[in-house]
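Asker: What follows is a single structure, and I will ask about it in a moment.
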Amino acid sequence: MTSSHGRGLHLAAAVDQRSAYDAGSYVELARLAESGGLDFVTLDDTFARPGPDALAVLSRVAPATGRIGLVPTVTVTHTEPFHVQAAVATLDWVSRGRAGWRIDVSTTEGEARLFGRRHAAPADALWQEAGEVAEVAAELWDSWEDDAEIRDTATGRFVDRDKLHYIDFEGAEFSVKGPSIVPRPPQGHPVRVVDATEGQARRTAARYADVALVRAASSAQAGAVRAELRASAEKFGRDPDTLRVLVSLVVDLGDGEHAAEPGHGGGGPRQTAHGPLYRGGPVDLAELIASWHGDRAVDGFHLTPVEPRRDLERLVNGTVALLQHRGLFRTFYPGSTLREHLGLARPANQYAVTGGAS
């Protein structure tokens, strides 16, 4: 839905839960977010904490939901790029085009010791490597043209070999040969999400991400980062309008309909060690979202509830309902894929575009 400002407002929420191992609780939260028409939910993951695998959990959530985008964090520092892209492509298949991939890196020596293959490296180097993973993932997703799989029982032909392409990628830290073992995903390229708040991660986001997350405590700060990201994307040869910039806020809606606490910027977020925190009522949060979006500082928000069940329910039935009532957020999904929710086109296959050369 396009708002009165002429741009669509995009909303996403984290469904992270401490010590939750049952699939049902994640399904419940994802369905709640879907009832509000949110673009996608995220589920965080690292090698440094106990808990269920985010990508596996959201693969379980996929058949229990019908529209909402599913974006697990998948770290790329110690994992094989070939396996990562195949797993994300599989999530896109089982969700029928609703997969995203929040790219992250592992910076600690403790995480490195879990694998024992190399020591921890500086974050900037890891984000440069993450960019190469994003690049080779796109090549592997394109290694099958959309109609390469023919399944012709009469002739016994499963695939059109002319539409299957071999890649030979050489990065600074790894090499990958293709094609992929998974046919091209329904979205072509599942949506790539990067936290672009700091350092080299911002550069990687500008070059490869479809959605950049930014932790910002004011509309002016968010607007400046969005402008920087868009300018950087253009320098990489991208159309800046193909990049969505969402502000990440931790939200505590436990104060019900009371006004936002003094000291939270008159209803705005306050900077904390865990990122900008908004604490107040759903109505004030709706005002903040409408104001920042109206300022053209952001394309949307990624909200992390302090208490998942309580705050997500207040977010959907309070904040989102108010935004919908004011015509600022959609009341239904106009499409079926995450790319359609975000207003992003399905990428053309690079080999089909070049006439099949590989």
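The values are calculated or read from the model by the stated rules, or taken from the named source; none is laboratory data. All values reported here derive from a predicted model rather than from experimental measurement. Methodologically, a virtual Cβ is constructed for each residue, glycine included, from the backbone with ideal geometry; neighbour enumeration extends over all protein chains shown. Side chains included, ligands, DNA and RNA excluded: accessible areas come from the protein's heavy atoms. Shrake-Rupley method; radii C 1.70, N 1.55, O 1.52, S 1.80 Å.
Asker: Of all residues in segment 140-180, which are of a type in the set (A, V, I, L, M), open to solvent by less than 70 Å² (accessible area, probe 1.4 Å) and out of contact with any Lys or Arg (no Cβ under 9 Å at 6 or more places or on another chain)?
Answerer: Within segment 140-180, 140, 164, 176 qualify.
Asker: Quick one: how many residues across segment 181-205 are surrounded by fewer than 24 Cβ atoms within 10 Å (Cβ to Cβ) and outside any loop (DSSP other than H, G, I, E, B)?
Answerer: Qualifying residue count for the region: 6.
Residue-wise test of (1) of a type outside the set (A, V, I, L, M); (2) modelled with pLDDT of 95 or more; (3) open to solvent by 60 Å² or more (accessible area, probe 1.4 Å); (4) within 23 Å of the chain's Cα centre (by Cα).
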| site | (1), (2), (3), (4) |
| --- | --- |
| 248 | yes, yes, no, yes |
| 255 | yes, no, no, no |
| 259 | no, no, yes, no |
| 268 | yes, no, no, no |
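Asker: Given the conditions (1) in a loop (DSSP other than H, G, I, E, B); (2) open to solvent by 10 Å² or more (accessible area, probe 1.4 Å); (3) at pLDDT 95 or above; (4) β-branched (Val, Ile, Thr), and given that residue 304 satisfies all but one, which numbered condition is not satisfied?
Answerer: The number of the failed condition is (1).
Asker: Say we look at segment 282-292 and pick out the residues that are surrounded by 21 or more Cβ atoms within 10 Å (Cβ to Cβ) and touching a Gly at 6+ places or on another chain (Cβ under 7 Å); which of these is farthest from residue 254 (Cα to Cα)?
Answerer: 288
Asker: Right, another one. Can you name every residue in segment 45-72 that is among the acidic types (Asp, Glu) and surrounded by fewer than 16 Cβ atoms within 10 Å (Cβ to Cβ)?
Answerer: If the condition is that a residue be among the acidic types (Asp, Glu) and surrounded by fewer than 16 Cβ atoms within 10 Å (Cβ to Cβ), then 53 is the only one that fits.
Asker: Next up: Name, by its number, the condition in (1) polar (S, T, N, Q); (2) closer than 30 Å to residue 107 by Cα; (3) in contact (Cβ under 8 Å) with a residue 40 or more places away in the chain that does not hold for residue 75.
Answerer: That leaves (3) as the condition not met.
Asker: Would you point out the residue of segment 1-33, among those that are open to solvent by less than 40 Å² (accessible area, probe 1.4 Å), in contact with a Ser or Thr (Cβ under 8 Å, 6 or more places away or on another chain) and within 17 Å of residue 330 (Cβ to Cβ), that is modelled with the lowest pLDDT?
Answerer: Taking the candidates together, the pick is 8.
Asker: For segment 83-106, which residues satisfy the criterion of being out of contact with any Pro (no Cβ under 8 Å at 6 or more places or on another chain), open to solvent by 30 Å² or more (accessible area, probe 1.4 Å) and not hydrophobic (A, V, I, L, M, F, W, C)?
Answerer: Listed by number, the residues that qualify are 83, 90, 104.
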